[in-house]
Amino acid sequence: MTAWIGTVFESDVGWNHLEGLVDIGNRMAGSEGEREAAELTRDALADAGARNARLEPFEIQGWTRGDSAIVAADTTQDCIALPRSPDDRIRAPLIDLGYGLPADFEETDVEDAIVMVRSDVPGYYDRYLHRREKYHHAVENGAAGFVYRNHVEGCLPPTGSVGWKDEPIGPIPAVGVSSEVGARLGRRFDGESVTLSVEADVHPAESQNVRAELGPDTDQRVLVTSHVDAHDIAEGAMDNGAGTAMVVELANALAEREDELETRVEFVAFGAEEVGLLGSTRYAEGADREAIKAVVNSDGVVRDRTLSIITHGFDALQDVANDVAERYDHPIGTVPKVGPHSDHWPFVERGVPGCHVKSISDGPGRGWGHTYADTIEKLEPRTLREQAILLTEYVVALAREDVTVDHREREEIAADLEAQDLAAGMRITGDWPYDE
């Protein structure tokens, strides 16, 4: 019964797929590279033995970066545009607002200024503030531009989409800068006029979800998911080539154990996650949600050796993970809190059991993610294989008929968001999905 473990530990299927993804280059949502990655993933799932491997296209607002710059006095400071920033060029005073907490915006007049904020929050603060929330505070308080400063030294300028509520393109230009450039701007040019320019092309585009399946043709199903797109500035190895490689590795392993699957397992590599969870939202809106037993979403796996599973208050998802960890005498961290970022969320917000599978990390922030340095040499094949063994067993267990994973009421999810101080930020960004 355990011979499959050796097969997975010797497998190159997932790692080879990861290499194929990162070698494509630009996998930005709506790009030719994203489509090539989706096609590569479709074919890999079919080669692994999954049936009905296919692409399901959908329209999105495409965004292609051009050059960006911050010109201060006689210097040009390195920066990169944040996706969904408008094409614009402005000149205005720079205001270094530190952490960019809501109180900072209330206490400082930022109207018609270019606001710079850090990507973290202070240790005493009671909740995390997402990049988009800080951007929205800047817009609502009349800022003319937005500079997002990486708080991790040596980790290069960060990217990450901004957007504006239901609009795909934000109203003010936005860029990311490294910790070092941010420090220089704050020291030399705080209160001084600088020029911020972003070149970007906004156009209709097409993304796609990849789907395939294994196991019995039951109405109920377990979804094993990832996102295939990545930011265009790097290989997107950790975010989220490794997640999609994991989906392919799991398909390969589960094909060997298909006779053990008691519920259909569907593999989905979503498109356009990085610009607003567009692929997963499209799927969740059209799905029979009662038929989805669980969503196992890999986004951030392989970064470090120990798995972390955020279970969103679904007790069975945590219990099964603990059982697998005990059975294999191998640690799996479980976090019962809710997390509204990544492709599990369009399901979880509707009460569908879903977990976010990532890695426990001692490093600050997202590390090299969302920077030029998200490259494959920072990951290890052994970590992919070890985590694939645990996740294969996790999916097989969730697919058992005697394992019940109860859905939750939307009101319960909303209450958790309130209790964990996440609701306020979601309301500000227009992401709050519940009626008041």
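Inside segment 17-61, can you point out the residues that are in contact with a Pro (Cβ under 7 Å, 6 or more places away or on another chain) and at pLDDT 95 or above?
Hit for segment 17-61 is 59, nothing else.
Where in segment 276-357 are there strands (runs of 3 or more DSSP E), lying wholly inside it, with at least 3 residues that are modelled with pLDDT of 95 or more and closer than 20 Å to residue 209 by Cβ?
292-298
Across segment 108-120, what is the number of residues that are touching a residue at least 40 places away in the same chain (Cβ under 8 Å) and either open to solvent by less than 10 Å² (accessible area, probe 1.4 Å) or in contact with a helix residue (DSSP H, G or I) (Cβ under 8 Å, 6 or more places away or on another chain) (or both)?
4
Listed residues 197, 161, 179; which is more than 30 Å from residue 32 (Cα to Cα) and either touching a residue at least 24 places away in the same chain (Cβ under 8 Å) or of a type in the set (D, E, K, R) (or both)?
Residue meeting the stated conditions: 179.
Any idea how many residues of segment 1-55 are touching a Lys or Arg at 6+ places or on another chain (Cβ under 8 Å), open to solvent by 70 Å² or more (accessible area, probe 1.4 Å) and of a type in the set (Val, Ile, Thr)?
The number of residues fulfilling the criteria is 0.
Among the residues of segment 72-107 satisfying the criterion of being free of Cβ contacts under 8 Å to residues at least 40 places away in the same chain and at positive phi, which is surrounded by the most Cβ atoms within 10 Å (Cβ to Cβ)?
Step by step, filter segment 72-107, then rank; the result is 100.
Would you mind stating whether residue 126 is charged (D, E, K, R), modelled with pLDDT under 95, open to solvent by 30 Å² or more (accessible area, probe 1.4 Å) and within 18 Å of residue 184 (Cα to Cα)?
It is false that residue 126 is charged (D, E, K, R), modelled with pLDDT under 95, open to solvent by 30 Å² or more (accessible area, probe 1.4 Å) and within 18 Å of residue 184 (Cα to Cα).
Residues in segment 235-274 that are of a type in the set (A, V, I, L, M, F, W, C), open to solvent by 20 Å² or more (accessible area, probe 1.4 Å) and more than 15 Å from the chain's Cα centre (by Cα): how many?
The qualifying residues number 1.
Taking residue 218 as the residue in question, decide whether it is farther than 24 Å from residue 375 by Cβ, in a loop (DSSP other than H, G, I, E, B), open to solvent by 10 Å² or more (accessible area, probe 1.4 Å) and touching a residue at least 24 places away in the same chain (Cβ under 8 Å).
yes
When you scan segment 381-420, how many residues do you find that are among the acidic types (Asp, Glu), open to solvent by 60 Å² or more (accessible area, probe 1.4 Å) and out of contact with any Ser or Thr (no Cβ under 8 Å at 6 or more places or on another chain)?
Number of matching residues: 6.
Is it true that some residue in segment 194-209 is surrounded by fewer than 24 Cβ atoms within 10 Å (Cβ to Cβ), part of a loop (DSSP other than H, G, I, E, B) and of a type outside the set (Val, Ile, Thr)?
no
Looking at 357, 338, which one is closer than 19 Å to residue 128 by Cβ, touching an Asp or Glu at 6+ places or on another chain (Cβ under 8 Å) and in contact (Cβ under 8 Å) with a residue 12 or more places away in the chain?
Residue meeting the stated conditions: 338.
What are the residues in segment 140-162 that are in contact with a helix residue (DSSP H, G or I) (Cβ under 9 Å, 6 or more places away or on another chain), within 17 Å of residue 68 (Cβ to Cβ) and of a type outside the set (A, V, I, L, M), if any?
Once the filter is applied, which keeps residues that are in contact with a helix residue (DSSP H, G or I) (Cβ under 9 Å, 6 or more places away or on another chain), within 17 Å of residue 68 (Cβ to Cβ) and of a type outside the set (A, V, I, L, M), segment 140-162 yields 145, 146, 148, 149, 150, 157, 158, 160, 161.
Could you check residue 167 against (1) modelled with pLDDT under 95; (2) open to solvent by less than 60 Å² (accessible area, probe 1.4 Å) and say which number it fails?
(2)
For the list (1) under 21 Å from residue 428 (Cα atoms); (2) of a type in the set (D, E, K, R); (3) open to solvent by 40 Å² or more (accessible area, probe 1.4 Å), I need the number of the one condition that residue 180 fails.
Checking residue 180 against (1) under 21 Å from residue 428 (Cα atoms); (2) of a type in the set (D, E, K, R); (3) open to solvent by 40 Å² or more (accessible area, probe 1.4 Å), the one that fails is (1).
Collect the residues in segment 395-416 that are part of a loop (DSSP other than H, G, I, E, B) and touching a residue at least 12 places away in the same chain (Cβ under 8 Å), keeping them in residue-number order. Break it down stepwise before answering.
To start, the set of residues in segment 395-416 that are part of a loop (DSSP other than H, G, I, E, B) comprises 399-409.
If the condition is that a residue be part of a loop (DSSP other than H, G, I, E, B) and touching a residue at least 12 places away in the same chain (Cβ under 8 Å), then 399, 400, 401, 403, 404, 405, 406, 407, 408, 409 are the ones that fit.
The values are calculated or read from the model by the stated rules, or taken from the named source; none is laboratory data. Every value quoted in this text rests on a predicted model; they were computed, and no experiment measured them. Cβ sites come from the backbone with ideal geometry, for glycine too, and all protein chains shown count toward neighbours. Note: areas computed on protein heavy atoms with side chains; ligands, DNA, RNA excluded. Shrake-Rupley method; radii C 1.70, N 1.55, O 1.52, S 1.80 Å.
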